[in-house]
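In what follows, a single structure is set out as structure tokens and then discussed.
The values are calculated or read from the model by the stated rules, or taken from the named source; none is laboratory data. Owing to the predicted nature of the structure, the values given are computational and were not obtained by experimental measurement. A quick note on method: Cβ atoms are made from the backbone with ideal geometry, for glycine too, and the neighbour counts reach across all protein chains shown.
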Amino acid sequence: MPTPCSATNKTMACFGNAGNGILYGPGKQVWDMSLAKRIPVGLGEGRALQFRAEAYNIWNHANYGGVNSSAAYNEVGGQNTNLSFGLLNGPGANDMRIIQFSLRFEY
């Protein structure tokens, strides 16, 4: 257990000796995709129909939140009292799969 920090003890030893970047959280994958097709309609130059399909988070991948990195130590025994230390915080804030279609007439 690290030495407690106080107004008189401001040394680096009170912060422990764990290195920077020793906890890794879950990765994040969000795939967005769109397909578009422009179809000339023959009613003059520049007139066409455009069909468009867009998908956000197309694979519907679950992106979890960060890892709970708050360790709380007991003063007497020096054991961790935070039972959720090292566990995932829960699902992320990402939306589920969203698909939208559009049809546009260009003139």
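General observations
- Breaking point among (1) at pLDDT 80 or above; (2) in contact with a helix residue (DSSP H, G or I) (Cβ under 8 Å, 6 or more places away or on another chain), for Cys5: (1)
- Search result, residues across segment 46-63 that are acidic (Asp, Glu) and either out of contact with any strand residue (DSSP E or B) (no Cβ under 8 Å at 6 or more places or on another chain) or exposed (fewer than 14 other Cβ atoms within 10 Å of the Cβ) (or both): none
- Flag for Ala71 being surrounded by 13 or more Cβ atoms within 10 Å (Cβ to Cβ), over 30 Å from Asn20 (Cα atoms) and either at pLDDT below 85 or in contact with a strand residue (DSSP E or B) (Cβ under 6 Å, 6 or more places away or on another chain) (or both): no
- In segment 40-69, the residues that are among the acidic types (Asp, Glu) and not in a loop (DSSP other than H, G, I, E, B): Glu54
- Condition check for Ala48: free of Cβ contacts under 8 Å to residues at least 40 places away in the same chain, touching a Pro at 6+ places or on another chain (Cβ under 9 Å) and hydrophobic (A, V, I, L, M, F, W, C): no
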